[in-house]
1. Cβ-Cβ below 8 Å, separation at least six or inter-chain, first residue in region 76-102 and modelled with pLDDT of 85 or more, second of a type in the set (Ser, Thr, Tyr): which pairs?
2. Looking only at region 55-105, count how many residues are among the aromatic types (Phe, Trp, Tyr), under 41 Å from the mean Cα position of the chain (by Cα) and either at positive phi or surrounded by fewer than 10 Cβ atoms within 10 Å (Cβ to Cβ) (or both).
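The values are calculated or read from the model by the stated rules, or taken from the named source; none is laboratory data. Please read all numbers here as calculations on a predicted model, not as lab measurements. Virtual Cβ from ideal backbone geometry, glycine too; neighbours counted across all protein chains shown.
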Amino acid sequence: MKHKRVPSLLNIIRYDLKRQWLALLLFITVLSSALMVIYVAHLNRNLIGERDQLQQARDQLDIEWRHLTIEQNALTEHSRVERIAQRQLQMSRPEATEEVLVPWP
């Protein structure tokens, strides 16, 4: 009796890969495409989180700027400045006779 040689598993895999090279190529393409979609979605989520943090920081700075503008307006109000000058610095408006005009050359 003659023994029939059984091909090794490695040879069978090589033979199948040669026959199905297009299917293998498509499988690798689909797999790499799926991995890239996952990676891009991850980057997108990270960027959205960073954008939200930056928007919150911008909103806080905007609120602070508004408060500072209101405070500046309150501090530079003419009547308040005049009142502080009169009370703390004992300043008063000069009379017309006390005014001195400096000639312009």
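1. GLN86/SER92
2. Of the residues in region 55-105, 0 are among the aromatic types (Phe, Trp, Tyr), under 41 Å from the mean Cα position of the chain (by Cα) and either at positive phi or surrounded by fewer than 10 Cβ atoms within 10 Å (Cβ to Cβ) (or both).
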